[in-house]
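Just so it is clear, none of the values below were taken in a lab; they were calculated from the coordinates. This structure is a prediction, so every number in the text was calculated from the model and none was measured. Heads up, the Cβs are rebuilt from the backbone with ideal geometry, glycines too, and the neighbour counts pull from every protein chain shown.
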Amino acid sequence: MITASGMTGFIIVAMDKFVFGRYLGEYASTEFHLNFLELAASVLYGGIVEEVMLRLFTVSLLVFILYKVFAGSKPAAEIPVWIYFAAIFIAATIFAAGHLPATKIAYGLSTPIILRSFLLNGMGGLVFGYFYWKDGLTMAMVSHATVHLFRLFIFMPLFF
């Protein structure tokens, strides 16, 4: 979990620096300073609230609906793997779209910025969804919070 969270945090920051940096305005051109409000909000809101909303409620609901529609004749213990993948992917897409209002405030909205939001937040959503599926809500929460910790304490100071 630590390795996947670290890699996710690294990819997010590296993509911001080297791929999307020219579209991020002053965010990419200024020196990084740790903001404790951002730290608390990202770790607590992201790690707890977003995981409850997107993994516990959304992924679980999507798995239930997809199971009932496509595999309802099978015992619940035999839910096809593709149903979990589909639910995680859909929830990750919703997770990414949910970040668009904050993205608009921070950077404005353009095609590259929208792509960035879906790509980077969607990737995180896939990682957190995988941990939710395999290890439960607590691991999804810890993974999400850990991505923010890696991002804010290691990779942001390193790249910015």
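Just a few scattered comments:
- In sequence order, calculated HN-Hα J values of the stretch 47-57 (Karplus, 6.51, -1.76, 1.60; Hz; x Gly/Pro): x, 10, 5, 4, 5, 5, 5, 8, 8, 4, 7
- Value of [θ]222 nm, deg cm²/dmol, for the chain, DSSP H segments ≥ 4, -39500 (n - 2.57) each, nearest 500: -18500 deg cm²/dmol
- 15 Å beta-carbon shell around L56, net charge (K/R +1, D/E -1): -1
- Per-q log10 I(q)/I(0), the chain, q = 0.10, 0.14, 0.20 Å⁻¹ (Debye; single scatterer per alpha-carbon; no solvent): -0.38, -0.70, -1.28
- Charge tally around M141: other residues with Cβ under 10 Å, Lys/Arg +1 each, Asp/Glu -1 each, net -1.
- Taking a Cβ cut-off of under 13 Å around R151, the surrounding Lys, Arg, Asp and Glu residues balance to a net charge of -1, with basic ones at +1 and acidic ones at -1.
- Semi-axis lengths, Å, the stretch 30-103, gyration tensor of Cα atoms, sqrt of 5 times eigenvalues: 34, 12, 9
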